[in-house]
1. If we keep just the residues of the range 53-79 that are assigned to a strand (DSSP E or B) and closer than 20 Å to Thr146 by Cα, which is nearest to the chain's Cα centre (by Cα)?
2. Please specify each residue of the range 24-53 satisfying the condition of being more than 18 Å from Ile123 (Cβ to Cβ) and among the basic types (Lys, Arg).
3. Check whether at least one residue in the range 20-28 is surrounded by 10 or more Cβ atoms within 10 Å (Cβ to Cβ), of a type in the set (A, V, I, L, M) and not in a loop (DSSP other than H, G, I, E, B), and report yes or no.
4. Tell me, please, whether a residue that is assigned to a strand (DSSP E or B) and free of Cβ contacts under 8 Å to residues at least 60 places away in the same chain can be found in the range 131-141.
5. Could you say which residue among Asp125, Asp154, Asp116 is outside any strand (DSSP E or B), within 24 Å of Pro24 (Cβ to Cβ) and without any contact (Cβ under 8 Å) to a residue 60 or more places away in the chain?
6. If the requirement is being crowded, with 19+ Cβ neighbours inside 10 Å and assigned to a helix (DSSP H, G or I), which of these qualifies: Ile87, Ile82?
7. List the residue pairs whose Cβ atoms are under 8 Å apart, where the first residue sits in the range 77-104 and is at negative phi, the second is surrounded by 10 or more Cβ atoms within 10 Å (Cβ to Cβ) and of a type in the set (Lys, Arg), and the two are 6 or more positions apart or on different chains.
8. Quick one: is Ala120 farther than 24 Å from Pro23 by Cβ, at pLDDT 90 or above and either under 16 Å from the mean Cα position of the chain (by Cα) or β-branched (Val, Ile, Thr) (or both)?
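The values are calculated or read from the model by the stated rules, or taken from the named source; none is laboratory data. What you see is a predicted model, and the numbers here were worked out from it, not measured in a lab. We place every Cβ from the backbone using ideal geometry, glycine too, and count neighbours over all the protein chains shown.
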Amino acid sequence: MSNYSPLSASYLSGTARIFQPAPPKHVTAESMAIDVMTDLRCTHIAVIDPEVTMELANAYMMQRGVRLLFVMNQKDALDGLITASDILGEKPLRFIQERRVKHCDILVSDIMTSVDKLEAISIEDVNHAKVGNVVASLRDSDRQHTLVTEKRADGLPIILGIFSLTQIEKQLGEPIVPTAVAKTFAEIETTLIAS
């Protein structure tokens with residue numbers, strides 16, 4: 001490294017400020033869907049190994065300030081997603097009851113949503129859609145997130161982006177009310193009994 005000369009430096013004086021990125025663009029339901037997509041071509045994603053404990057995954061989410069981690073296997077392929085809702089919801093409790101394990105022994109792979117259960121929207125559809133279409137899709141599937149994909153030349157999908165209901169709410173400046181449609185007989189029965 002002897003071929004390099006040092007850069008000149010100067011002392012800070014007066015009031016120094018730290019650069020802050022612009023806040024997310026404000027949108028309406030009529031705005032283009034691409035305006036609320038987290039573009040993975042420009043953003044580093046938070047990833048985790050499937051064999052890490054759920055508690056470590058939760059700590060990592062808090063450290064990164066995210067509510068979703070991409071679960072990547074040893075071949076650098078997507079195994080699934082794990083969200084804060086997965087960790088803090090009823091999935092761990094059901095897993096403890098079914099498997100008779102300790103809370104601290106639950107792995108990411110035990111409660112993540114596996115890749116074959118993930119829904120995705122094509123980038124071609126996103127390019128022609130409005131924010132309202134994305135919200136309707138998320139509400140219809142009763143999900144907080146959905147992926148955006150493009151088919152590669154070999155026919156396999158590549159994930160280009162992700163939609164987050166929380167991010168869309170921030171950009172809209174208003175909460176998005178879930179549809180709360182019962183999807184199973186048990187949910188319908190519970191609704192009828194409560195009435």
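1. Leu68
2. Lys25, the sole residue that qualifies.
3. No: zero hits.
4. No; the residues of the range 131-141 include none that is assigned to a strand (DSSP E or B) and free of Cβ contacts under 8 Å to residues at least 60 places away in the same chain.
5. On the way: Asp154 fails: within 24 Å of Pro24 (Cβ to Cβ); Asp116 fails: within 24 Å of Pro24 (Cβ to Cβ).
Result of the check over Asp125, Asp154, Asp116: Asp125.
6. Numbers: Ile82 fails: assigned to a helix (DSSP H, G or I).
So the residue among Ile87, Ile82 that is crowded, with 19+ Cβ neighbours inside 10 Å and assigned to a helix (DSSP H, G or I) is Ile87.
7. So the pair list comes out as Thr83/Arg67; Ala84/Arg67; Ser85/Arg67.
8. When the stated conditions are applied, Ala120 passes them.
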